[in-house]
Structures are given as structure tokens and as C-alpha cells.
Amino acid sequence: LLKFKNTMPELKPTRIALNGRAGSGKSVVARRLCERHGFAHASSGAICRGITAQLFGVCDRENLNKVSQAIRSIDTTLWIRAALRTQHSTRIVFDSVRYRDDAACLANEGFILWRIECPINICVERLIARGQTFTMADFDHPSEAILPSDLFTTFIKNDGRSLTEVYLEIDRAIDRIS
């Protein structure tokens with residue numbers, strides 16, 4: 001009987017929660033963490049977009065915000081718990097920190113918080129490119145509020161640089177915590 005030595009490096013358990021405006025690149029960062037660093041992806045935003053599209057036939061920002069707020073009025077942590085329910089990995093990236101109480105809930109679950117920084121004009125360009133219906137007033141919604149910087153351990157700039165440059169910044173951030 002042959003035995004093979006596991007040559008894969010042991011991955012440190014890590015839980016990262018991402019914050020940033022709509023279109024800032026939270027999904028890009030989450031995808032990199034999953035594909036390159038072995039994270040499982042938890043997305044309350046994907047759940048909310050799916051429900052909104054199912055209910056209204058389209059996922060416009062106005063209805064998305066209404067659905068999100070309706071669920072939050074029942075339980076402010078329900079979106080988070082729904083997204084994390086199926087994740088049993090020790091390495092999770094959660095891509096939808098929107099409110100201070102989201103940040104507190106996730107921090108209590110052992111998540112470190114990263115902010116994805118992107119100028120609003122680039123966020124708008126990205127939202128248009130992916131066909132999302134929105135208005136500039138949508139950026140005034142409480143879910144788009146900038147959370148205090150002291151909540152975050154890492155800031156990733158996704159300001160129009162190449163994906164390669166953004167990926168390198170993500171990889172360096174992971175190296176610092178691994």
C-alpha cells in the first residue's frame with residue numbers, strides 16, 4: 001500500500017468580510033480569494049438579488065433596497081445568517097457588509113473586515129456595464145453609507161487599475177495575515 005504525503009500547505013483559518021459601494025469590486029475581490037486562496041464565498045447580496053429578480057422580474061436598485069430593508073426589519077442579521085448557513089469552510093469570504101451592525105455581527109463571528117475603495121464615478125460605470133438599473137440617489141441609501149475606517153484592517157483600492165494590480169494587492173493582503 002502506497003502512502004502519499006500531502007504537499008499542500010496548511011491553510012490558516014481565515015474569515016474575511018468585504019465592504020464597499022455597489023460596483024466597487026467586492027465580487028472581484030471575493031472571486032480572487034476563492035480561486036487563488038481557497039476561500040468559500042458567502043454572498044447575502046446574491047441572495048437578495050435573486051429574491052428581488054424572482055419577485056419583480058428585474059433587479060433594479062430601488063426594489064433591491066426595499067427587499068433588503070423589509071428583511072432587515074424582521075431581523076438585522078437574517079441576510080448574514082442565510083449566506084453563512086451553507087458555508088462550513090474555515091476560510092470564508094463574505095461580500096456584503098453594508099451596515100455597522102453587519103460589521104459587528106461578522107466581527108463577533110471571527111471575521112476581519114476589508115474595505116474595497118473605488119471612486120463613485122467608476123462604480124457607476126461598472127453598474128451601467130453590468131446592466132443594473134439605478135440612480136445617483138441610490139448611492140444615498142443607508143446601505144451605501146461609508147462605515148468608519150477604524151472598523152477595517154485592510155483597504156483594497158479598486159480604482160480603475162488593471163485587474164492584475166488589484167489581484168497583487170489582494171495577494172499581498174492575504175500574505176500579511178497568513
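The values are calculated or read from the model by the stated rules, or taken from the named source; none is laboratory data. Here the structure is a predicted model, which means the values were calculated and not measured. Don't worry about glycine lacking a Cβ; one is built from the backbone with ideal geometry, like all the others, and counts go over all protein chains shown. Only protein heavy atoms, including side chains, enter the accessible area calculation; ligands, DNA and RNA are left aside. Shrake-Rupley method; radii C 1.70, N 1.55, O 1.52, S 1.80 Å.
Filtered by the rule that a residue be in a helix (DSSP H, G or I), in contact with a helix residue (DSSP H, G or I) (Cβ under 8 Å, 6 or more places away or on another chain) and open to solvent by 60 Å² or more (accessible area, probe 1.4 Å), region 135-148 gives a lone residue, Met136.
On inspection, Phe155 passes the criterion of being in a strand (DSSP E or B) and open to solvent by 50 Å² or more (accessible area, probe 1.4 Å). Within region 85-104, the only residue that satisfies the criterion of being open to solvent by 30 Å² or more (accessible area, probe 1.4 Å) and hydrophobic (A, V, I, L, M, F, W, C) is Ala104. Only one of the numbered conditions (1) in contact (Cβ under 8 Å) with a residue 24 or more places away in the chain; (2) more than 24 Å from Gly57 (Cα to Cα) is not met by Asp138, and that is (2). Restricting attention to region 42-60 and to residues that are of a type outside the set (A, V, I, L, M) and over 17 Å from the mean Cα position of the chain (by Cα), the residue that is most open to solvent (accessible area, probe 1.4 Å) turns out to be Gln54. Which pairs have Cβ atoms under 8 Å, sit 6 or more apart or on different chains, and link a residue in region 118-135 that is more than 15 Å from Glu62 (Cα to Cα) and hydroxyl-bearing (Ser, Thr, Tyr) to one that is open to solvent by 70 Å² or more (accessible area, probe 1.4 Å) and at pLDDT 90 or above? Qualifying pairs under 8 Å: none.
Just one of the listed residues (Arg172, Arg176, Arg161) is more than 16 Å from the chain's Cα centre (by Cα) and part of a loop (DSSP other than H, G, I, E, B), and it is Arg161.
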